[in-house]
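Asks: Following this message is one structure expressed as structure tokens.
The values are calculated or read from the model by the stated rules, or taken from the named source; none is laboratory data. Just so it is clear, the structure is predicted and the values come from calculations on it, not from any experiment. Cβ atoms come from the backbone with ideal geometry, glycine included; neighbour counts cover every protein chain shown. With ligands, DNA and RNA removed, areas are computed over all heavy atoms of the protein, side chains included. Shrake-Rupley method; radii C 1.70, N 1.55, O 1.52, S 1.80 Å.
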Amino acid sequence: MLCMLSIWPLGMSAQRLLTLDSCRAMALRNNKQMSVSKTKQDVAANLRKSARAKYLPHVNALGGYVWTSKEISILNDDQKAALSNLGTNAATGLQTSVAPYASILPAPLQTKLAGDLGALAGTLDQFGMGVVDAFRTDTRNMFAGAVMFTQPVFMGGAIVAMNKMADINEELAANSLEAKRQNTLFSIDQAYWQVVSLRHKEKLAQSFVELVKKLDNDVQKMLDEGVATRSDRLNVSVKVNEAEMALMKVTNGLVLSKMLLCELCGLPINEQVKLADEDREELIEDRERLATADVTFATQNRPELKMLQNTVDLAHQTTNLLKAGNLPKVLLTGGYAVSNPNIFNGFEKKFAGFWNVGVMVHVPIWNWGDVRYKVRAAKGAATIASLELDDAREMIELQVNQKAFLVNESNKKLAMAQSNIAHAEENLRTANLGFKEGVISSTTVIEAQTAWLQAMSQKIDAEIEVKLSQVELQKALGTLE
């Protein structure tokens, strides 16, 4: 017994005490969808930065090498042959021209003339071959490189539209994260108050079991004394079994609800937890003020409406982006290019380059209506998004009015339930007193106990309904914090 008594406080202290705020914080920290939304927000921010870079000049470097089986030739084959045989052809022509006169010359002069013509032919042939070699490009091995600079001047509004779309996408990601956050808080609040409700009902069921068991003992004593019938005893025993069965159902429901709460909080589902509001006798301490349906405030704060508005804006910017396909585009270009062999010094086998600057204009002339059809489709998508936004506004207006009505009704139910408890307790007191005096039967006492149980259960339901209706109204207004 001493060992058990020493272990029991340790087991009780192992329970983790959770408040509503701590449950919310853990749920937001461990929710996977929240992490996904945060990552999407980071992605949208990086895409926005990328879109901003479209305004700035871009610099690119290019390089390459090409081998070809033939080189580029400036001279054709006939020109090459003519230059290579320049002296031979010239000597042959001269020899033909002077032949009629050479015969009258003395033999030594004829010999000397023939030698001079041969020497001249060789010299001119060598000169012609030099010219042919000088005109060789030797472009079988070509190296080239360039550094290119481009600066958009006018792109038909495409860059402006892209940047606006990037801004809208970032805002859309932020609104999506807010919607996920509010949905997470709404789910955790529901699970939290469900556990509190079942815990209060478990304590109520335990009290009811003790109440009917006491009545069962009293009836058994009366049966032993012969002032009660066996039928009275059986009726009370049946009620005891029903009470114990109800207690078991509530206990099982409480265990499952705590598992769900632990799962939402990111805790092990078998974690022993205790909620701060489990032992509060009155969950609603102050009477709530009359709730009002502020539709204008809701339409300005609901993240779902903001997301739909983002969708409408994206559709409009998509239309502007597509319209740019029919508009001219102007870019400034510049850079430095090098090649080997280079063309600036007779295809010299060295790297050499040049600076360049220019303007590039692209004007679409005919595309068979491709852009026009796409623009029409984008306008249709924008119209659909606008209609969906209007429909959502109407639904949210209805939802806000309904939730405000439910808050006021739940407060009324709570007031009625609290009033019923007083009557039920008085009824049970008089029934127990009459039963002791022997003027009221056990059946009447059971009815009074059942009425008391129902009144207490209705009070718990009304308190939880007040809490949940307030959460639902905050979510409808977009103010769930």
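Asks: Leaving ligands and nucleic acids out of the surface, order 213, 467 by accessible area at 1.4 Å, largest first.
Replies: 213, 467
Asks: With charges only on Cβ, +1 for K and R and -1 for D and E, what is the dipole size of region 175-281 about its Cα centre, in debye, rounded to 20?
Replies: For region 175-281, the charge dipole is close to 160 debye.
Asks: Next question, about the same structure. Mind checking which lysines have their Cα closer than 24 Å to the Cα of residue 221? Skip sequence neighbours fewer than 8 apart in that chain.
Replies: Cross-link targets: 213, 239, 436.
Asks: Separate question: Straight distance only, please: which lysines reach the Cα of residue 80 with their own Cα at less than 26 Å, same-chain residues fewer than 8 apart left out?
Replies: Filter leaves 70, 349, 350.
Asks: Using Rg/Rh (Cα atoms, Kirkwood Rh) as the read-out, say which of (1) 1.47; (2) 1.09; (3) 0.99 was calculated from these coordinates.
Replies: Among (1) 1.47; (2) 1.09; (3) 0.99, the one derived from this structure is (1).
Asks: When Lys and Arg each count +1 and Asp and Glu each count -1, what net charge do the other residues less than 14 Å away from residue 150, Cβ to Cβ, add up to? List each step's numbers first, then the result.
Replies: Numbers: positive: 54, 329; negative: none.
Overall, the nearby charge balance is +2.
Asks: Spin-label point model (7 Å from Cα, Cβ direction): what's the residue 129 to residue 332 distance in nm?
Replies: Roughly 5.5 nm, to one decimal.
Asks: Between residue 53 and residue 351, what length in nm is gained on full extension when 0.36 nm per residue of separation is reduced by their alpha carbon distance?
Replies: Taking 0.36 nm per residue and subtracting the Cα distance, the gain is 103.9 nm.
Asks: While we're looking at this one, here's another question. Roughly speaking, what is the stretch gain from residue 141 to residue 217, that is 0.36 nm per residue apart minus the C-alpha to C-alpha distance, in nm to one decimal?
Replies: 16.2 nm
Asks: Still on this structure: If you count only protein heavy atoms and use a 1.4 Å probe, how large is the accessible surface of residue 374, to the nearest 10 Å²?
Replies: That residue has around 100 Å² of solvent-accessible surface.
Asks: Too long at a 31 Å Cα-Cα cut-off: which of 32/258; 306/379; 32/54; 32/379; 180/203; 323/475?
Replies: 32/54; 32/379; 180/203; 323/475
Asks: Let me have the 222 nm mean residue ellipticity of the chain computed from DSSP H runs of 4+ only, each contributing -39500 (n - 2.57), with the sum over all residues rounded to the nearest 500.
Replies: Calculated mean residue ellipticity at 222 nm is -25000 deg cm²/dmol.
Asks: Then there is this: Local charge sum around residue 184 (other residues, Cβ-Cβ under 13 Å, Lys/Arg +1, Asp/Glu -1)?
Replies: Here the count lands on +3.
Asks: Keeping the other protein chains in place, figure out the carbon and sulfur percent of the accessible area of the chain, with a 1.4 Å probe.
Replies: On the chain, the fraction of accessible area on carbon and sulfur atoms equals 60 percent.
Asks: Please get the size of the charge dipole for region 301-399, origin at its Cα centre, with Cβ charges of +1 on Lys and Arg and -1 on Asp and Glu, quoted in debye to the nearest 20.
Replies: 600 debye
Asks: Right, something else. Mind giving me the FRET efficiency for residue 39 and residue 241? R0 is 51 Å, r the Cβ-Cβ distance, nearest 0.05 is fine.
Replies: My answer for the efficiency is 0.40.
Asks: Ok, one more. Between residue 359 and residue 279, what length comes free when the chain is fully extended (0.36 nm per residue of separation minus the Cα-Cα distance, one decimal in nm)?
Replies: Full extension from residue 359 to residue 279 adds 20.9 nm.
Asks: Mind pulling up the Rg/Rh value for region 343-473? Radius of gyration and Kirkwood radius, both on Cα. All intermediate terms of the calculation are to be shown ahead of the outcome.
Replies: On the way: Rg = 40.1 Å, Rh = 23.1 Å.
So for region 343-473, dividing Rg by the Kirkwood Rh gives 1.74.
Asks: Efficiency by 1/(1 + (r/R0)^6): what FRET value for residue 479 and residue 439, r their Cβ-Cβ distance, R0 = 60 Å, to the nearest 0.05?
Replies: Taking R0 as 60 Å, the efficiency between residue 479 and residue 439 is 0.55.
Asks: How do 214, 475 stack up against each other in accessible area, from largest to smallest, with a 1.4 angstrom probe?
Replies: Per-residue accessible area, sorted high to low, gives 214, 475.
Asks: Shifting gears a bit: Taking only protein heavy atoms and a 1.4 Å probe, what accessible area per residue, in Å², does the chain have with all protein chains in place?
Replies: Counting only protein heavy atoms, the per-residue value for the chain is 60 Å².
Asks: Return, for the Cα atoms of region 426-481, the radius of gyration and Dmax in Å, separated by a comma.
Replies: Rg then Dmax for region 426-481, in Å: 19.2, 60.
Asks: A further question follows. For region 131-204, what's the radius of gyration and Dmax over Cα atoms, in angstrom?
Replies: Final numbers for Rg and Dmax: 34.0, 116 Å.
Asks: Which order do 479, 292 take when ranked by solvent-accessible area (1.4 Å probe, heavy atoms of all protein chains), largest first?
Replies: Solvent-accessible surface, decreasing: 292, 479.
Asks: Under 1.5 on a/c is rounded, so check that first for region 198-248, then, if it is not, pick prolate when a/b is larger than b/c and oblate when it is not; a ≥ b ≥ c are the square roots of the alpha carbon gyration tensor eigenvalues.
Replies: prolate
Asks: Could you check the spin-label model distance between residue 15 and residue 415? Points 7 Å from the Cα along Cα→Cβ, value in nm.
Replies: Inter-label distance under the simple model: 3.5 nm.
Asks: Using only protein heavy atoms and a 1.4 Å probe, report how much of residue 58 is accessible, in Å² to the nearest 10.
Replies: Solvent-accessible area, nearest 10 Å²: 80 Å².
Asks: Using the Cβ atoms and a cut-off under 13 Å, what net charge is assigned to the surroundings of residue 140, where Lys and Arg are +1 and Asp and Glu are -1?
Replies: Result for the neighbourhood of residue 140: +1.
Asks: Given the C-alpha centroids of region 285-350 and region 155-180, what is the distance between them in whole angstrom?
Replies: Their Cα centres are 6 Å away from one another.
Asks: What is the calculated FRET efficiency for residue 402 to residue 234, with r their C-beta to C-beta distance and R₀ = 51 Å, to the nearest 0.05? Could the numbers behind the result be given before it?
Replies: Values: r = 48 Å, r/R0 = 0.94.
Efficiency, from the Cβ-Cβ distance: 0.60.
Asks: Continuing with this model, one more query. For labels at residue 292 and residue 186 in the simple 7 Å Cα→Cβ model, what's the distance in nm?
Replies: The modelled label-to-label distance comes out at 2.4 nm.
Asks: Only four residue types carry charge here, +1 at the Cβ of Lys and Arg and -1 at the Cβ of Asp and Glu. Report the dipole size of region 368-472 about the Cα centre in Debye, rounded to the nearest 20.
Replies: 420 debye
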